[in-house]
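All remarks here apply to the structure that follows.
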Amino acid sequence: MNLAQRTELYRRLAAVNPNPRSDLEYSNDFELLVAVVLSAQATDVSVNKATAKLWPVANTPQAILDLGEARLRDAIKTIGLYQTKARNVIKLCEQLLALHGGVVPNDRAALEALPGVGSKTASVVLNVAFGVPTIAVDTHIFRVANRTGLAPEKTADKVAARLEKVTPKEYLLNAHHWLILHGRYLCKARTPECWRCSIVEFCKYKPKTPAAADEAARPLNGKPVVKRRKAAKKAAPRTAARNKAKAL
Ligand code: SF4
């Protein structure tokens, strides 16, 4: 994909969603950091459900420590890997207070030194909280980058490095959100919704999903179109016989 095509691809994603933001609910840098830690291998929906109750009770490192590991574990028990995550968040809060005055650091090395924070989490926090133009690659971005041909690579790290290289500078800050939202809501893993995709002309994925596939799958009056057609065929002889009887 050449520069002009990449630029147009991002221009279209931007036109669809001019102010993209994470699906995670947070209102400060600390909440963002903890929410991203909790979202590893879990859905944003499950994290939001738990944090909706947690934030009003504890949304600072000290408040989380006051809450204690057992109550934190209980508060996030609907999230996958909650036991490990609760342990990590407690240690993370201790380190934030001991080394950073309770403030989330604007520094990759310092972030990655926190328990439960890997390079992906650090990238998201740097990008969202501090406006650093970096791209964290999750399963959705990995899929979109490979399907479209924007950054076809075999590992998430390689996709991230390539995306940061090929994404036009003016789109780098929001590229993470545009690609993730595109993958989550449109370029879905099982059935990408190509028929309504704004970047279909640039995408190398074959075969593209046609609109008819969606129509067949979408229940109408409770029955998928395919079933309705079969039902109509079966009913046809009876209808014809009824019409004949009426005519007699
Ligand atoms: S055309 Fe289809 S496969 Fe390509 S990006 Fe759009 S939804 Fe994904």
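When residue 137 is tested against the conditions (1) modelled with pLDDT of 95 or more; (2) surrounded by 16 or more Cβ atoms within 10 Å (Cβ to Cβ); (3) within 16 Å of the ligand (Cβ to nearest atom), the lone failure is (1).
Scan the range 142-163 for residues that are within 12 Å of the ligand (Cβ to nearest atom) and either within 17 Å of residue 121 (Cα to Cα) or in a helix (DSSP H, G or I) (or both) and the total you get is 6.
Could you check the range 13-45 and list, in sequence order, the residues that are among the aromatic types (Phe, Trp, Tyr) and part of a helix (DSSP H, G or I)? Answer for the range 13-45, where residues must be among the aromatic types (Phe, Trp, Tyr) and part of a helix (DSSP H, G or I): just 30. The set of residues in the range 164-186 that are buried (at least 23 other Cβ atoms within 10 Å of the Cβ), hydrophobic (A, V, I, L, M, F, W, C) and more than 14 Å from the ligand (Cβ to nearest atom) contains only 175. Restricting attention to the range 25-44, and to residues there that are aliphatic (A, V, I, L, M) and at pLDDT 95 or above, which single residue is surrounded by the most Cβ atoms within 10 Å (Cβ to Cβ)? So the residue we want is 34. In the range 187-212, what count of residues is obtained for those that are more than 11 Å from the ligand (Cβ to nearest atom) and either part of a helix (DSSP H, G or I) or of a type in the set (Ser, Thr, Tyr) (or both)? Here the count works out to 2.
The values are calculated or read from the model by the stated rules, or taken from the named source; none is laboratory data. Keep in mind that this is a model prediction, so the values were computed, not measured. Ideal geometry is used to build each Cβ from the backbone, glycine not excepted, and the neighbour counts take in all protein chains shown.
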